[in-house]
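Contents: one structure, followed by commentary.
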Amino acid sequence: MPETRILSTDEDDMNDAVREAAALLDAGEIVALPTETVYGLAADAFNPDAVAKVFAAKERPSFDPLIVHIASFKELAEVAEMPDDIADTVKSIAGAFWPGPLTFVLPKSAKVPDLVTSGLPTVAVRQSGHVIFRAIGRALGRPIAAPSANRFGRISPTSAGAVMKELGGRIPLIIDGGACREGIESTIIAVEARGDQRPLIRILRAGPVTKEDLQKFGKVVLEKKSTERPDAPGQLASHYAPRTPLLMFDQPGDFKPEPGKKYGLLSYRGDPKTGYMDLHEWDVVEELSPGSGKLMEAALRLFHVMRVLDEAGLDAIVAEPVSETGLGVAIMDRLRRASAK
């Protein structure tokens with residue numbers, strides 16, 4: 001079992017960290033890297049042997065495709081074929097949200113190994129907005145395949161320490177870029193032409209770029225698809241889950257605690273008016289946005305708070321719902337998948 005090192009990216013250390021990470025990736029190794037969403041487990045996207053190490057370290061099934069990250073828009077042509085009828089729309093959306101937490105699903109280039117796309121004819125691709133991730137991509141000179149840096153189905157990591165808890169001893173290196181600023185995975189979309197009508201933008205996974213953000217570019221639909229055979233990353237019915245059972249209820253009163261068991265509450269803002277705070281004598285309460293109820297803060301803290309509760313020795317975690325508007329759609333998507341059996 002390899003020793004896992006963590007390299008700092010403080011000002012004096014950043015260039016050395018970028019060089020070492022790029023050298024390992026070039027040699028066919030895997031490295032955990034920071035992005036603006038969550039930490040990713042990176043491999044050279046054109047090296048199937050390296051990509052296989054990602055699946056092995058994560059214990060990820062081969063039918064679940066990966067996202068390919070490019071360092072610049074010019075690299076898109078290396079990994080994807082752009083249909084003429086959606087090219088202008090894709091360029092407009094990319095111009096608005098790249099670099100950033102948005103992923104396109106497009107027809108794949110022959111250069112992308114089938115293992116990356118799980119044999120699908122499409123590839124998920126984005127340009128990260130994280131300065132360290134992009135610097136490593138430029139130093140490598142090739143696209144990077146990188147799902148979240150956690151064991152399959154578990155809570156996504158938003159810090160180097162969380163990556164170490166998930167993958168310590170399984171990978172050689174973690175690049176510490178501090179806490180992720182978004183806190184949940186990228187929005188994934190597919191764009192379809194509709195003749196003379198506005199293009200159709202299908203949201204395959206909700207994320208930081210919301211339905212409202214995309215509406216000026218076309219007709220936007222949010223797909224509720226959850227499947228055991230995904231056609232894009234992030235579609236599995238059960239995902240992002242703590243080891244501790246996470247419970248969600250249609251109404252607070254539906255919660256029936258069992259005697260002698262320890263329960264924690266994942267609260268939105270700690271407001272008794274929601275009916276959850278005073279529902280039970282909780283052993284632990286963690287709030288996503290204490291007092292203020294800001295969805296951006298709640299999204300940023302979601303996986304961190306889930307991890308804190310998961311490590312608290314509880315028998316179950318009860319999750320209080322948030323409003324399904326804007327970022328709330330992505331938060332509720334993660335909570336539902338985390339609670340799926």
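The values are calculated or read from the model by the stated rules, or taken from the named source; none is laboratory data. Bear in mind that the values here come from a model prediction, so they are computed numbers and not experimental data. Here the Cβ positions follow ideal geometry from the backbone for every residue, glycine too, while neighbour counts run over all protein chains shown.
Structure notes:
- In region 199-214 there is no residue that is loosely packed, with under 12 Cβ neighbours inside 10 Å, over 16 Å from residue 330 (Cα atoms) and more than 18 Å from the chain's Cα centre (by Cα).
- Members of region 185-198 that are part of a loop (DSSP other than H, G, I, E, B) and surrounded by 24 or more Cβ atoms within 10 Å (Cβ to Cβ): 185, 186
- Per-region count, region 1-50, residues part of a loop (DSSP other than H, G, I, E, B), more than 20 Å from residue 155 (Cβ to Cβ), within 23 Å of the chain's Cα centre (by Cα) and of a type in the set (Asp, Glu): 1
- Strands (runs of 3 or more DSSP E) wholly inside region 207-305 that include at least 3 residues being closer than 28 Å to residue 161 by Cα and in the same structural domain as residue 324 (by TED's automatic domain parsing): 263-267, 284-287
- Selection from region 123-142 of residues that are under 18 Å from the mean Cα position of the chain (by Cα), within 21 Å of residue 17 (Cα to Cα) and in contact (Cβ under 8 Å) with a residue 40 or more places away in the chain: 127, 128, 129, 130, 132, 133, 134
- Screening 120, 115 for residues that are farther than 19 Å from residue 8 by Cα, assigned to a loop (DSSP other than H, G, I, E, B), touching a residue at least 12 places away in the same chain (Cβ under 8 Å) and among the hydrophobic types (A, V, I, L, M, F, W, C) leaves exactly one candidate, 120.
- The residues of region 306-331 that are assigned to a loop (DSSP other than H, G, I, E, B) and touching a residue at least 40 places away in the same chain (Cβ under 8 Å), listed by number, are 312, 313, 314, 315, 320, 321, 322, 326, 327.
- Scope region 56-75; condition touching a residue at least 24 places away in the same chain (Cβ under 8 Å), farther than 20 Å from residue 18 by Cβ and of a type outside the set (Ser, Thr, Tyr); matching residues: 57, 58, 59, 60, 61, 63, 64, 65, 66, 67, 73
- The selection criterion, being free of Cβ contacts under 8 Å to residues at least 12 places away in the same chain and either under 22 Å from residue 159 (Cβ atoms) or assigned to a helix (DSSP H, G or I) (or both), does not hold for residue 53.
- Scanning region 78-106 for residues that are assigned to a helix (DSSP H, G or I) and within 19 Å of the chain's Cα centre (by Cα) yields 94, 97.
- When the residues of region 56-77 are filtered to those that are surrounded by fewer than 23 Cβ atoms within 10 Å (Cβ to Cβ) and under 16 Å from the mean Cα position of the chain (by Cα), the one that is farthest from residue 96 (Cα to Cα) is 60.
- Residue pairs whose Cβ atoms lie under 7 Å apart, separated by 6 or more positions or on different chains, with the first residue in region 28-42 and not assigned by TED's automatic domain parsing to the domain that holds residue 296 and the second of a type in the set (Asp, Glu), are 28/44; 28/49; 36/182; 37/182; 37/185; 38/185.
- Identity of the residue in region 127-184, β-branched (Val, Ile, Thr) and in a helix (DSSP H, G or I), that ends up surrounded by the fewest Cβ atoms within 10 Å (Cβ to Cβ): 131
- Checked against (1) within 22 Å of residue 37 (Cβ to Cβ); (2) in contact with a helix residue (DSSP H, G or I) (Cβ under 9 Å, 6 or more places away or on another chain), residue 105 meets all criteria but (2).
- Test: residue in region 146-159 that is closer than 15 Å to residue 303 by Cβ, touching an Asp or Glu at 6+ places or on another chain (Cβ under 6 Å) and of a type in the set (A, V, I, L, M): no
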